[in-house]
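**Student:** Encoded as structure tokens, here's the structure I'll be asking about.
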Amino acid sequence: MLESADNVAVGGVTKGSRMVIVGLGGGGCNAVARMHAGWSDGPVVAAVNTDSQALSACRVPVRVQIGKGITQGLGAGGDPAVGKLAAEDDGDSLRELVSQADIVVIVAALGGGTGTGAAPIMARIAREQGAMTLCFATTPFDFEGELKTRHAEEGLRALRMQADVVITLPNQRLLELVETQTGLVDAFGKADVMLGVGVRSLWKLLSKAGIINLDFADLRHLVEHSGGVCSFGYGEGTGTAKASVAVSELMKSPLLDRGRILSQAGALMVSINGGPDLTLVDVQKIMSQLTAVARPGVKLFMGATVDEAWQSRLTLTVLAAESWTGEGDLPAPAAGFPEKAVEGSAPEARTGSKAPVSAGARAIQPTLNFDTGDKGRFKNTEPTLYAGEDLDIPTFVRRGIKLSFEK
Amino acid sequence: MNLPLIVALEIGTTVVRAVIGESRADGHLMITGLGECPSRGVRKGEIVDFDNAVACVREALRLAEENGRVIINQVHLVVSGGHITSLVNRGSVPIMNSRKEITESDIDHVMETARAVSLPTDRQVLHTICQYFHVDDQEGVIDPEGMEGSKLSADMLIIHGLLMRLRNVVKVVRSVQVDVEDVAFGGLCAALAVLTAEDKEAGSVVIDLGGGTTDYVVYAHSAIAAAGSFGVGGDHITNDIARGLRIPIAEAERLKEEHGSAMVEMAARSQKVALPAESGLAERAVKVSDLHTITHLRMEETLNLVKTELLEKNLLHSLGGGVVLAGGCAHMKNIVKLAEKVFGLPCRVGKPRGVAGLAVVTEGPEYAAIVGMARYGLKSMEQKERERKSILGILKDIFRK
């Protein structure tokens, strides 16, 4: 049942796209609650669960209980079939929840009952309502057992058939992020934080007018051609070298398999979030480092937004599509860039930053220079290629790590 | 002298070396001669400058001849290179005799079948190593002779490389009028030299961190499960340092050897190393933290290449014996710490085992491959004498025990 349906249509969504974030099941609800707690503004956040007790503990504006007649307000007991039935049973409430939305972001921790079973149903309903449906799904830690892993795999398959795009965050990869002494609660908390960052940056990208705009159409374009499988990566930097720090954090992140996914991706959507001190040089630096790692000819979408409150802080969010099926030219995300660039930027700065920002062939020139200049004694040998990277180029260069004397 | 003499030769990226060994009564390998020459004309384990490579081989063999007081006519050659890789091929034969009892000839037959793998024409098989037999549905049989069944299968690990590259190395040796008796993959040789029977039993990975290549061989469940090579090595570390700190290669090499570390050492973070003023370059100092960052990132990446292979082949959890490092880069400070961190397994630097003679050879991990080659050569020579026909015997002896 909807507890406060009046909240659905409102929310800080601008630029003509309304976003609703739906947390499904125990894990999904925890994640959205954590997200919501950290935001002062943002899209509509809703929690959907079979377990009434867990649901009432979830501090988000909209709460929907499903499957009352099936589970009597208890959880789905780890059975995805129960979760599925529950969602089908309360299809009307779910439909109402997303009826006004242009974008529905489903957040679910796969492997359990409600999240795994209900997420594909939720995605189908959202799409039937005409909304673009994105799903952030975590897959279980290895230690959670084989059954959960199998459930998650089945859930993921079903979800990929229903949602426009599925972004998976394997919890197992997060293990690399946390220290060995990290408690269990913290480990799961970390997963939630990661989900939160991903959803938040997506919302920001689409709803805030950026200095370099990236909009709903770009995202739709990426989603339509990506075959529905995306990975998500995140890097943050502060201080004077914030651009390099953010890039190196992104590259090191286990979320993108330490840059491997980045180098294999067919298409990339890059969102740069900075403070008023974000410079075009920063943007250029980031994009040239990314294009150096990425596959030649990668489809690149990029956007940059400025947050007045962020002094000397920069976040970098990347959606990487494993494959790219589109052909021909894109709606040229970079074409509008020089016109939309920050006022007062010198004309030469515009032309200077045009090349690395543009996609595909236009980015090849600086990449080539970069390669031969850094191969040193391996200049004339057959390159050692591995997973799209030329291993002859120093690792620190490929990871975009600055040495102290260069700063 | 009736004991067989063996000469192993390795045309490495950093050093060309030859060792002379003889078999002792107690089964140990006695090293009686060594010749080494800094390598020129080799990159990533492959010949790029034929004439220079020939000159180095000639010099190394000459030194070994002097040192060991013998004349070298033939060598056992260690080969490596990023082109070397492996696959598992399964062959099956029906058991034809009326009693359905597996005989030696069935075993020979199935191994022949499993060995017959079709590779692209530009590839050459280096080794075929039997992993397991399968009798009907029973998997993982070590010795099927005498068992009953209707079908016998064998899994054969095929290690292969690019024909032309392998030919080029052999051609270099032939150019100095020396015969190549046998070739073997460097990773396999290193494993042979450093692993104990217990290591093989428990499951181990040997990583030979060489100058131009990183070779690996995985033992799991008492058989060789995988092998391969990456064209990345110590040369890359040196190059990274030279590019990163903008110093000459020779200076980078010295820095790597004296101050390089596989982990960034917190204690040394703020320290600096002075670089001597050299022909036109002013004296300057480099930060140890910069140096460590460069070396750490490269070593970590290199080890992760092997880890990715292990993960893909689902072998990481079968390695109770852990990681054994060999090769020149195994000398790098903190390398054991880094490998333990990367693999999450116990790790050690492997020294050649069961060898006597020259102390440098028996102590250094960089000699693992060549000592392994000498042992491999000796064993196969002895074996050939004893039972010329039974290939099974050789394989069992060399790769299992």
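The values are calculated or read from the model by the stated rules, or taken from the named source; none is laboratory data. Just so you know, these numbers come straight off a predicted model, no measurement behind them. All Cβ positions, glycine included, derive from the backbone under ideal geometry; neighbour counts span all protein chains shown.
**Student:** Quick check on this structure: which one of B:Ser204, B:Ser229 is buried (at least 24 other Cβ atoms within 10 Å of the Cβ), of a type outside the set (Val, Ile, Thr) and within 12 Å of chain A (Cβ to nearest Cβ)?
**Tutor:** Answer to the check: B:Ser229.
**Student:** On to the next question. Just to verify a result, which residue in region B:292-302, among those that are polar (S, T, N, Q) and at the interface with another protein chain (Cβ under 9 Å from one of its Cβ atoms), is surrounded by the most Cβ atoms within 10 Å (Cβ to Cβ)?
**Tutor:** Filtering first and then ranking leaves B:Thr302.
**Student:** Which numbered condition trips up B:Cys347, out of (1) modelled with pLDDT under 90; (2) buried (at least 20 other Cβ atoms within 10 Å of the Cβ)?
**Tutor:** The number of the failed condition is (1).
**Student:** Within region A:102-125, can you find the residues that are under 19 Å from the mean Cα position of the chain (by Cα) and either over 28 Å from A:Phe141 (Cβ atoms) or surrounded by fewer than 24 Cβ atoms within 10 Å (Cβ to Cβ) (or both)?
**Tutor:** Answer for region A:102-125, where residues must be under 19 Å from the mean Cα position of the chain (by Cα) and either over 28 Å from A:Phe141 (Cβ atoms) or surrounded by fewer than 24 Cβ atoms within 10 Å (Cβ to Cβ) (or both): A:Asp102, A:Ile103.
**Student:** Taking the stated definitions as given, is B:Arg90 crowded, with 17+ Cβ neighbours inside 10 Å, assigned to a strand (DSSP E or B), away from chain A (no Cβ under 14 Å) and among the basic types (Lys, Arg)?
**Tutor:** No: the conditions fail for B:Arg90.
**Student:** Ok, one more. Given the options B:Val361, B:Val355, name the one that is more than 14 Å from every other protein chain (Cβ to nearest Cβ), in contact with a His (Cβ under 7 Å, 6 or more places away or on another chain) and among the β-branched types (Val, Ile, Thr).
**Tutor:** B:Val355
**Student:** Scan region A:393-404 for residues that are at the interface with another protein chain (Cβ under 7 Å from one of its Cβ atoms) and either among the charged types (D, E, K, R) or under 15 Å from B:Ala242 (Cα atoms) (or both) and jot them down.
**Tutor:** The answer is A:Pro394, A:Thr395, A:Phe396, A:Arg399, A:Leu403.
**Student:** Can you name every residue in region A:52-94 that is in a helix (DSSP H, G or I) and among the small types (Gly, Ala, Ser)?
**Tutor:** Once the filter is applied, which keeps residues that are in a helix (DSSP H, G or I) and among the small types (Gly, Ala, Ser), region A:52-94 yields A:Ser52, A:Ala54, A:Ser56, A:Gly69, A:Ala81, A:Gly83, A:Ala86, A:Ala87, A:Gly91, A:Ser93.
**Student:** Would you say B:Ala193 is part of a helix (DSSP H, G or I), of a type outside the set (S, T, N, Q) and within 11 Å of another protein chain (Cβ to nearest Cβ)?
**Tutor:** For B:Ala193, the condition - part of a helix (DSSP H, G or I), of a type outside the set (S, T, N, Q) and within 11 Å of another protein chain (Cβ to nearest Cβ) - is not met.
**Student:** Mind checking whether some residue in region B:55-64 is surrounded by fewer than 16 Cβ atoms within 10 Å (Cβ to Cβ) and within 14 Å of chain A (Cβ to nearest Cβ)?
**Tutor:** No, the conditions are met nowhere in region B:55-64.
**Student:** Then there is this: Please enumerate the residues belonging to region A:381-391 that are more than 7 Å from chain B (Cβ to nearest Cβ) and either without any contact (Cβ under 8 Å) to a residue 24 or more places away in the chain or buried (at least 21 other Cβ atoms within 10 Å of the Cβ) (or both).
**Tutor:** Answer for region A:381-391, where residues must be more than 7 Å from chain B (Cβ to nearest Cβ) and either without any contact (Cβ under 8 Å) to a residue 24 or more places away in the chain or buried (at least 21 other Cβ atoms within 10 Å of the Cβ) (or both): A:Glu382, A:Pro383, A:Leu385, A:Glu389, A:Asp390.
**Student:** Can I ask one more? Among the numbered conditions (1) within 14 Å of another protein chain (Cβ to nearest Cβ); (2) buried (at least 21 other Cβ atoms within 10 Å of the Cβ), tell me where B:Ala326 comes up short.
**Tutor:** (1)
**Student:** Quick check: is even one residue across region A:257-267 under 15 Å from A:Gly235 (Cα atoms) and more than 14 Å from chain B (Cβ to nearest Cβ)?
**Tutor:** yes
**Student:** Look at A:Asn369 and say whether it is under 29 Å from B:Asp49 (Cα atoms), at pLDDT below 75 and touching a strand residue (DSSP E or B) at 6+ places or on another chain (Cβ under 9 Å).
**Tutor:** Spelling it out, it is not the case that A:Asn369 is under 29 Å from B:Asp49 (Cα atoms), at pLDDT below 75 and touching a strand residue (DSSP E or B) at 6+ places or on another chain (Cβ under 9 Å).
**Student:** So which helices (runs of 4 or more DSSP H) stay within region A:128-247 end to end and still have 1 or more residues that are touching a Cys at 6+ places or on another chain (Cβ under 6 Å) and at pLDDT 80 or above?
**Tutor:** Ranges flagged: A:146-162.
**Student:** Considering only residues that are surrounded by fewer than 22 Cβ atoms within 10 Å (Cβ to Cβ) and either at negative phi or more than 14 Å from chain A (Cβ to nearest Cβ) (or both), which ones fall in region B:303-318?
**Tutor:** Hits for region B:303-318 are B:Asn304, B:Leu305, B:Lys307, B:Thr308, B:Glu309, B:Leu311, B:Glu312, B:Lys313, B:Leu315, B:Leu316, B:His317, B:Ser318.
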